Amino acid sequence: MTSPPPEPPAVPGPPATPGPPATVRARGRLALPPVRPPSFSGRLHDARTATSIGRWLGVAFLVCFVTGLISHYLQHPPGWAADLLPSRPVWGYRLSQGLHIASGLAAIVLLLVKLWTVYPRLFAWPPVRGVLHALERLSVAVLVASAVLEVFTGLLNIAEWYPWPFGFIQTHFALAWVVTGSLLLHIAVKAPEIKAHWSRRSPGTLELPAQDGPDRRSLMLGVGAAVGAVTLTTVGQAFTPLGSLDLLAPRHPDHGPQGLPVNRTAAAAGVTDRAVRDWRLEVRGPTPYSLTLDQLRALPRAQSRLPIACVEGWSVEAAWSGVRISDLLALAGARPGAGLRVTSLERSGSYRVMEMGRDYAEDPLTLLALELNGQVLTVDHGYPARIIAPNRPGVLQTKWVTLLEVL
Ligand SMILES: Nc1nc2c(c(=O)[nH]1)N[C@H]1C(S)=C(S)[C@@H](COP(=O)(O)O)O[C@H]1N2
Ligand SMILES: [Mo]
């Protein structure tokens, strides 16, 4: 039995052609939509525009994916890789994560424009032309859904807003693979079209060269201006020379005690005055020992200029002063090349315990810091002592350190 064709969504368009009810017509001949779908003939919805936007979106997604993987594996290295992670260049993670957030924000603009360019395909008739076509449309649906969710969760994460029941990190990481996989599939399926519309001259096709009229040029100019505006008003949170233009980023690089933002305050982490007053540093290793704050302060000091580079994209360089981790490990009788586990006073929280591989532990810039920009650390920055190490995500710069264990 033939069923009536589904109704396309109601959109303003040409009035329906008068005629017999759809069911009647459908019985006689090939089903036609009862309402003529809107037709789009403008160049802003054609394959050339889709290709022009698509390649910028592809670049943004690629940068975002690669820098996302770097961030993920710096934070969660597989066991065998922990000692291979490099502590240099000191600005490595700052650059990589700055690019991750900037390319992700640019991708939001590009994704919206790309969706607007191709949305007339929603009204293509018939909606599926066969099994292969159905599979292709399904893969595009997966791509669109995962890409929208991916940039949306990323955007809300940099605002530290988590209005969902699932874990951000796991979901954002898993979705990155779904987006990348379905994007590669999409590029493979569309390869002939992409090739034909890659350049205006379209060599190798019989088509006439596409005309890039004023409408398309204006659109591309508008997209470029929007991406530029979003980038310029947010990138200052990591690229401090542009800090004064940082109007839209959730963090300003120098708003916070001692000229540095705070992600988790002592109060939020449940670090009490009492816990801080009774503080001692315990070091476990072949020759374990424990130090009061005065004893720790009496050890030889080292200085480092290092950035804190938060996974959420803000980063600031600061002057740190403290005791070298390598010196503290040597006092505990650690063999050269030993790794380290660090535990905070904080009672619970994902960043209470952190491990570092040999390269970080040996690096002379890695400190158990006591001072920031020439002053004793404030409690929100990790008083009495915190970790500062080069080329590491901010989440691993553990505050309120109370225990070091040689691994
Ligand atoms: N113990 C502990 N250390 C922590 C955190 C935390 O939640 N608990 N947050 C980390 C994060 S996410 C960042 S970006 C840096 C920020 O350091 P700051 O607050 O001194 O700027 O501290 C890190 N150290
Ligand atoms: Mo962070």
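The values are calculated or read from the model by the stated rules, or taken from the named source; none is laboratory data. All values derive from a computational prediction rather than experimental measurement. Heads up, the Cβs are rebuilt from the backbone with ideal geometry, glycines too, and the neighbour counts pull from every protein chain shown. Surface accessibility is based on the protein's heavy atoms, side chains included, excluding ligands, DNA and RNA. Shrake-Rupley method; radii C 1.70, N 1.55, O 1.52, S 1.80 Å.
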With the 8 Å Cα cutoff and a minimum separation of six or more residues, region 279-376 has a relative contact order in percent of 29 percent
Charge-dipole axis of the chain as Lys and Arg at +1 and Asp and Glu at -1 on Cβ define it, positive-most pick from 213, 345, 38 = 38
With every protein chain kept in the model, how would you rank 354, 220 by accessible area, 1.4 Å probe, largest at the top?
-> 220, 354
Cα gyration tensor shape for region 259-406, rounded if a/c is under 1.5, else prolate or oblate = rounded
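Placing +1 at every Lys and Arg Cβ and -1 at every Asp and Glu Cβ, with all other atoms neutral, what dipole size does region 259-406 have around its Cα centre, in debye to the nearest 20?
With only Lys, Arg, Asp and Glu charged at Cβ, the dipole is about 200 debye.
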Listed residues 168, 40, 152 arranged by accessible area, highest first, probe 1.4 Å = 152, 40, 168
Got a number for carbon plus sulfur as a percent of the chain's accessible area, 1.4 Å probe?
-> 65 percent
Just add up the charged neighbours of residue 406: K/R +1, D/E -1, any other residue whose Cβ is under 10 Å from the Cβ of residue 406.
-> +2
Rounded Å value of the spacing that divides the Cα centres of region 264-303 and region 91-107 | 33 Å
Based on the alpha carbon coordinates of the chain, what radius of gyration and maximum Cα-Cα distance (Dmax) apply, in Å?
-> 28.0, 95
Region 116-239 shape via C-alpha gyration tensor axes, a/c threshold 1.5 = oblate
Out of 83, 363, 294, a Gaussian network model of the chain with alpha-carbon springs under 10 Å gives the largest mean-square fluctuation to 294
Treating the angle as unsigned and between 0 and 90°, give the value, to the nearest 10°, between the Cα long axis of helix 168-198 and the longest Cα principal axis of the chain.
-> 40 degrees
Highest GNM mean-square fluctuation, the chain, Cα pairs closer than 10 Å: which of 375, 258, 97?
-> 375
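So how do 312, 193 rank on accessible area, 1.4 Å probe, biggest first, that is with the largest at the start?
Final ranking, largest accessible area leading: 193, 312.
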Solvent-accessible area of residue 162 with every protein chain in place, 1.4 Å probe, in Å² to the nearest 10 = 100 Å²
Measure nothing but the geometry: give the 0 to 90° angle between the long axis through the Cα atoms of 214-232 and the longest principal axis through the Cα atoms of the chain, rounded to 10°.
-> 20 degrees
Leaving out ligands and nucleic acids, note down the accessible area per residue over region 314-400 with a 1.4 angstrom probe, in whole Å².
-> 34 Å²
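Kindly report the accessible area of region 231-293 per residue (heavy atoms of protein chains, probe 1.4 Å, no ligands, DNA or RNA), in Å². Can you show the working numbers first?
Working: 3450 Å² over 63 residues.
Roughly 55 Å² per residue, with all protein chains present.
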